[in-house]
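This report refers to the structure that appears directly beneath it.
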Amino acid sequence: MREQGLAEVFVELADTLVDEFDVIDFLHQVTIRCAEVLEVAAVGILLADQRGALQVAAASSEQTRILELLQLQTNQGPCPESFQTARAIAVPDIAAEAERWPRFSDEALAAGFQGSHALPMRLRSTVIGALNLFMRQTGRLPDETLRIGQALADVATIGLLQARSIRHHEVLAEQLQTALNSRVIIEQAKGVLAERYMLNMDEAFIRLRAGARGQNTRLSDLARGVVAGTVDV
Amino acid sequence: MERGDDRGAWIWTRVGLESRGAPFTVAHICDAAVAEAHVDGAAVTLMSAATVWETLYATDKPAARIEGWQLDFGEGPTVDAYQRGGPVLAPDLDSLESITRWPVFATQASGEGVKAAFAFPMQVGAIRLGALNLYRLAPGPLDGDQIADALAFADAACVLLLADAEGERTGAADLTWYRDGQSTSQIHVHQATGMVLVQLNVSAESALARLRAYAFAHNRPLAEVARDVVDRKLRFRPDTGPEVVADD
């Protein structure tokens, strides 16, 4: 784990939590920083929709393969388990889980991952999702690293629900559903850019995000404009 | 049948009970939503902007009037749900929060006995069709299960309206494509929607409709067709129809 820079990461994330920040962009930033600080290969965030199913909200890589690996955990894998038990789940050897989670195990190995952790995103007694870490090698991450990971998961939770007095499941429903629909808009916008400029989906996301930075626009607003054809990036 | 693990399937079964064998309409969805979410009334409103809308169906007079007030005043949960792209839940229209947020609407609605209003967008990403709106005569929040039901009914209404736009007569079997929400395969559907939009130079809604029509005509799962588009094995052309680019 890279200790230096940790304080800066928390400051940077806290700085993002200003009015009108974009939730998906913020969660994406958490995954990127998480991958850097914890020195893991990939990081994803899954949020529970009101139907109780986990949905992809953000990933440190927008490659379709990574998104799929995250999304198939609607049904199986460490994230649903972490979500249901509200506990951190360690998967030191993904290959050893072939019977328990056949599809997850296959897809993770095919993507080049050997180990994984899932950390719950908790709001008091409610679990709203999970932070998912993937490593290229087998083995558990040290407890100290996982503590930092959990702190980043907590920052993500706070970011998602910030600035509102929480009317329990109501505000939760409003925020989560809005965030998850933003995620769908971003996928549609990636498709538009991929087709228009012959990019792969990862490149399309990078172009979209750079556009949001350059035009000082919220990522999901820009994505909506791209799909509506009112802006280009 | 219980809601259980597959709320999407349960919702369609529930709508089927209302339709009694007839093709599904938004009226059946509203009636089912009223019973299951324990509210007093429901309405489905089509919107193409926050100020341009048409109420397709309302279960009773108050449900219709709530929609009308919001259109007149330009404020209320439905307006906000459309603009935000997420549900807007107002469990107590007499609360300071509601009155501050919608001074004219909250006062009018409460004066006429409507004490709680809940708006659920009918949307697929950037495709926004409108909202399913519920109301109560007594203040009080929806519980978690009722919110989940309402979201699922709004999804069902959305699917139904997309299918209607293509002139399909809809039964439960045709509607399974969206019921899993954003599963793995849905990622491809959303990406393919964006790609086909560019290929045909049409709206996202039309692009999704064309994808679904192609899948239906070729008797293939939508997710599989979407995957071919994303993998650039299938492209759509405005004049000659879809074209298979390459075979594996």
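Just a few scattered comments:
- If you sort A:Phe10, B:Phe153 by accessible surface, 1.4 Å probe, largest first, the order is A:Phe10, B:Phe153.
- If you take all other residues with their beta carbon under 11 Å from the beta carbon of A:Thr230, and give Lys and Arg +1 and Asp and Glu -1, the sum is -1.
- The fraction of Cα-Cα pairs per 5 angstrom bin, counted from 0 for the stretch B:182-244, comes to 4, 21, 35, 29, 9, 1, 0 percent, rounded to whole percents.
- Full extension of the chain segment joining B:Ala35 with B:Asp231 gains 66.2 nm, where the gain is 0.36 nm per residue of separation less the Cα-Cα distance.
- Volume of the Cα convex hull of the stretch A:104-233, divided per residue and given in Å³: 152
- Nearest-0.05 FRET efficiency for A:Ile206 and A:Glu12, computed from C-beta distance (R0 30 Å): 0.95
- Over chain B, relative contact order from alpha-carbon pairs under 8 Å, at least 6 apart, %: 16
- Within 10 Å of each Cβ in A:47-57, the average number of Cβ atoms from other chains: 5
- Heavy-atom accessible area ranking, 1.4 Å probe, most first, across B:His218, A:His28: B:His218, A:His28
- In the assembled protein chains, B:Thr13 presents an accessible area of approximately 70 Å² (probe radius 1.4 Å).
- Using a probe of 1.4 Å, the accessible surface attributed to B:Ser203 totals some 60 Å² when neighbouring protein chains are kept in position.
- Distance in nm between pseudo-label sites at B:Glu112 and A:Ala96 (7 Å out along the Cβ direction from Cα): 6.5
- Label point 7 Å beyond Cα of A:Thr85 along Cβ direction - residues of the stretch A:131-149 with amide nitrogen under 14 Å: none
- Straight-line cross-link reach from B:Lys61 at under 13 Å between alpha-carbon atoms covers these aspartates and glutamates, not counting any fewer than eight positions away in the same chain: B:Asp40, B:Glu112.
- Once both labels are positioned 7 Å from their Cα atoms along Cα-to-Cβ, the gap between B:Ala217 and B:Glu97 label points is 4.9 nm.
- Other residues with beta-carbon under 9 Å from the beta-carbon of B:Gly85 carry, at +1 per Lys or Arg and -1 per Asp or Glu, a net charge of +3.
- Cα-Cα P(r), the stretch A:6-164, percent of pairs per 5 Å interval: 2, 10, 21, 24, 22, 13, 6, 2, 1, 0
- Only lysines eight or more places from A:Lys190 in sequence, or on another chain, were considered; those with a Cα closer than 30 Å are B:Lys233.
- Exercise: per-residue mean of other protein chain Cβ atoms within 10 Å, A:170-178: 6
- Calculated SAXS-style log₁₀ I(q)/I(0) at q = 0.12, 0.16 Å⁻¹ - chain B, Debye, Cα scatterers: -0.70, -1.11
- The Stokes-Einstein estimate for the protein assembly as shown, based on a Kirkwood radius over Cα pairs and taken at 20 °C with 1.002 mPa s viscosity, is a diffusion coefficient of 93 µm²/s.
- For A:Met121, the solvent-accessible surface computed with a 1.4 Å probe is close to 0 Å², ligands and nucleic acids excluded.
- Per-residue mean of C-beta atoms belonging to partner chains within 10 Å, peptide B:123-133: 4
- From most to least packed by mean Cβ count within 10 Å, the peptides B:107-117, A:101-111 give B:107-117, A:101-111.
The values are calculated or read from the model by the stated rules, or taken from the named source; none is laboratory data. As the structure is a computational prediction, the values presented were derived from the model and not from experiment. Please note: Cβ atoms are built from the backbone with ideal geometry, for glycine as well, and neighbour counts cover all protein chains shown. Accessible surface areas use protein heavy atoms only, side chains included; no ligands, DNA or RNA. Shrake-Rupley method; radii C 1.70, N 1.55, O 1.52, S 1.80 Å.
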